[in-house]
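Step one of this worksheet: look at the structure below.
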């Protein structure tokens, strides 16, 4: 697995369009529809293999509003301020080496991640916890050996005992000994997959899309393909569907 997207939701269309028309007092030209369906009914956009819920309110952008949104988007971030009001929530599972690059986007993003520091020993390590799709047979075997090492120290951290794999003098460790915790933390490779719940907006996605769509990392290209599947993604990509 390179990168995984789940529970995507897009909100804020009505507010963004209303605010977009404030500068020219042109609210009477707005022709978008925001209808509230039966509360028992779920409305979904289809984004790849992920169902994407677009608010409890169904949004249909009218031709007048869409034309203005595209013209402002083509004018750049200074004119397309409405994009900052279209918020996107989702869960992303990706390797640590990708998150390290994603963390350069600090403005307009919020993230809550699964804690590696606190929960590293919560479950046994398996190959599926890592991104390994490009590894050769030999290097994959090295990763599997590393996973065995991690599980050895996980067991020692949880249960205590003698670290018989080392050349040091025999020593019995108590459970939760921080010296053993360090063995897992500093040994963990950057291909380890971490899950985060993210909030960002269409303006941030515009910046990401045009900066990363041709990146050498598969995860960035897959992320940009996911962006292309968002509702009214032409406001980000500039390319009409």
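Quick check: residue separation of residue 228 and residue 132 times 0.36 nm, minus the Cα distance between them. What number comes out in nm? Write out the running numbers ahead of the final one.
Values: separation 96, 0.36 × 96 = 34.56 nm, distance 2.58 nm.
Taking 0.36 nm per residue and subtracting the Cα distance, the gain is 32.0 nm.
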At R0 = 45 Å, FRET efficiency that the Cβ-Cβ distance of residue 187 and residue 28 yields, to 0.05: 0.10
Modelled FRET efficiency - R0 22 Å, residue 4 with residue 215, Cβ distances, 0.05 increments: 0.80
Helix 63-74 axis, angle to the chain major axis (alpha carbon atoms, nearest 10°): 60
Hull shadow area, averaged, the chain [alpha-carbon convex hull, nm²]: 16.8
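I'm a student and want to see the number: the projected area of the Cα convex hull of segment 121-187, averaged over all directions, in nm². Intermediate values should be presented prior to the final figure.
Numbers: hull surface 19.8 nm².
With every direction weighted equally, the projected area is 5.0 nm².
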Listed peptides 80-87, 220-227, 109-116 by packing density, highest first (mean Cβ within 10 Å): 80-87, 220-227, 109-116
Separation in nanometres of the label points that stand 7 Å from Cα toward Cβ, at residue 96 and residue 58: 4.7
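Given segment 118-241, what whole percent of its Cα pairs are spread farther than 25 Å? Could the numbers behind the result be given before it?
Values: 3648 of 7626 pairs.
When every Cα pair of segment 118-241 is considered, 48 percent fall beyond 25 Å.
Computed from the coordinates by the stated procedures, all read-outs in this text should not be read as laboratory data. Everything numeric in this text was worked out from a predicted model, so none of it was measured. Here Cβ is always computed from backbone atoms with ideal geometry, including for glycine, and neighbour counts include all displayed protein chains.
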